[in-house]
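This report refers to the structure that appears directly beneath it.
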Amino acid sequence: QAIPAMPLSAASQPSGTIKEQPAAILDDGLHEIADVMRGSYNLGDVIYMILETIYRGFDFNRAIFCLMDATKSKMTARFGLGENVDEIVKHFQFMTGHSSDIFNVGISQAKGIIIDDAAAPNISRNIPEWYREIVGAPSFLIYPLTVKGGCIGMLYADKKEKGRLLTDEQMNYMENLRDMAIEAITKKHQQ
């Protein structure tokens, strides 16, 4: 007697295609980064791990790491992950301190800014032209990396659709990842 075929929907997926749950990606990422930072580490590798955890753990379309220049007058993207990111990183830069746009407000207030709908009238007027031309994502976040009152860099991430970017729990993860980036950079500069 023939064994009835299992319906496709009930068939188990090959192990390589099962998507890891975002919370597990975030937890694993935080532990891995903490482990690496206990020893001697390459700063670029740690920042990349942080960026990858942000990108995969929150399911962002793009995640980008930016660094402030030595004169503290310009923020420039260094590297990123996601859609068309190589091209975007080449042009993702802005002058700091001379504007009240959303990026400069985040830097001057030294706090993360989450934009769930970039087209909302009260938000739209504070989004700079360079950003609209280069990225123009419907929702994004920026987390300045601040040490002793001075901004040394920034974490940026976006999604393809508007809507709530982070839950309260995810915001805690994001703040932990930002703090780890600051700690990684600070430790390296003290060596």
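The values are calculated or read from the model by the stated rules, or taken from the named source; none is laboratory data. On a predicted model such as this, the values are computed, not experimentally measured, just so you know. Quick reminder, even Gly has a Cβ in these numbers, built from the backbone with ideal geometry, and neighbours come from all protein chains shown. Only protein heavy atoms, including side chains, enter the accessible area calculation; ligands, DNA and RNA are left aside. Shrake-Rupley method; radii C 1.70, N 1.55, O 1.52, S 1.80 Å.
Just one of (1) under 22 Å from ARG178 (Cα atoms); (2) in contact (Cβ under 8 Å) with a residue 40 or more places away in the chain fails for ALA118. It is (1).
Go through the range 129-150 residue by residue and tally those that are of a type outside the set (Lys, Arg), part of a helix (DSSP H, G or I) and open to solvent by 30 Å² or more (accessible area, probe 1.4 Å).
Of the range 129-150, the ones of a type outside the set (Lys, Arg) are 129-131, 133-147, 149-150.
Narrowing further to those that are part of a helix (DSSP H, G or I): 129-131, 133-134.
Filter again for open to solvent by 30 Å² or more (accessible area, probe 1.4 Å), leaving 129-130, 133-134.
Residues flagged as of a type outside the set (Lys, Arg), part of a helix (DSSP H, G or I) and open to solvent by 30 Å² or more (accessible area, probe 1.4 Å) within the range 129-150 amount to 4.
For ALA110, indicate whether it is surrounded by fewer than 15 Cβ atoms within 10 Å (Cβ to Cβ), under 17 Å from CYS66 (Cα atoms) and aliphatic (A, V, I, L, M). Show your work before the answer.
Working: surrounded by fewer than 15 Cβ atoms within 10 Å (Cβ to Cβ): yes; under 17 Å from CYS66 (Cα atoms): yes; aliphatic (A, V, I, L, M): yes.
Yes, satisfied.
Filter the range 170-191 down to residues that are acidic (Asp, Glu) and either on the phi > 0 side of the Ramachandran plot or free of Cβ contacts under 8 Å to residues at least 60 places away in the same chain (or both), then give me how many there are.
First pass over the range 170-191, keeping only residues acidic (Asp, Glu): 175, 179, 183.
Restricting the remaining residues to those that are either on the phi > 0 side of the Ramachandran plot or free of Cβ contacts under 8 Å to residues at least 60 places away in the same chain (or both) gives 179.
Adding up the residues that qualify gives 1.
Hey, any hits in the range 116-127 for a residue that's among the charged types (D, E, K, R), surrounded by 13 or more Cβ atoms within 10 Å (Cβ to Cβ) and in contact with a strand residue (DSSP E or B) (Cβ under 6 Å, 6 or more places away or on another chain)? Show your work before the answer.
Here is the first cut: in the range 116-127, the ones among the charged types (D, E, K, R) are 116-117, 125.
Going one step further and asking which of them are surrounded by 13 or more Cβ atoms within 10 Å (Cβ to Cβ), we end up with 116-117.
Adding the requirement that they be in contact with a strand residue (DSSP E or B) (Cβ under 6 Å, 6 or more places away or on another chain) leaves 116.
Yes, because at least one residue in the range 116-127 is among the charged types (D, E, K, R), surrounded by 13 or more Cβ atoms within 10 Å (Cβ to Cβ) and in contact with a strand residue (DSSP E or B) (Cβ under 6 Å, 6 or more places away or on another chain).
Flag not set for GLY153, criterion: in a loop (DSSP other than H, G, I, E, B), open to solvent by less than 50 Å² (accessible area, probe 1.4 Å), under 22 Å from GLU87 (Cα atoms) and of a type outside the set (A, V, I, L, M).
Does the range 81-98 include one or more residues that are under 15 Å from MET174 (Cα atoms), open to solvent by less than 40 Å² (accessible area, probe 1.4 Å) and either in a loop (DSSP other than H, G, I, E, B) or of a type in the set (Lys, Arg) (or both)? Let's see the steps before the verdict.
Initially, the range 81-98 is screened for residues under 15 Å from MET174 (Cα atoms), giving none.
No, there is no match, as no residue in the range 81-98 is under 15 Å from MET174 (Cα atoms), open to solvent by less than 40 Å² (accessible area, probe 1.4 Å) and either in a loop (DSSP other than H, G, I, E, B) or of a type in the set (Lys, Arg) (or both).
Of all residues in the range 60-80 being part of a loop (DSSP other than H, G, I, E, B) and in contact (Cβ under 8 Å) with a residue 60 or more places away in the chain, which is least open to solvent (accessible area, probe 1.4 Å)? Reasoning before the result, please.
Restricting attention to the range 60-80, the residues satisfying the condition of being part of a loop (DSSP other than H, G, I, E, B) are 60-61, 69-73.
Those still in the list that are in contact (Cβ under 8 Å) with a residue 60 or more places away in the chain too: 60-61, 72.
Working: PHE60: 9, ASN61: 25, LYS72: 109 Å².
Among them, the one singled out is PHE60.
Residue-level check: of (1) modelled with pLDDT under 95; (2) over 18 Å from the mean Cα position of the chain (by Cα), ALA110 misses just (2).
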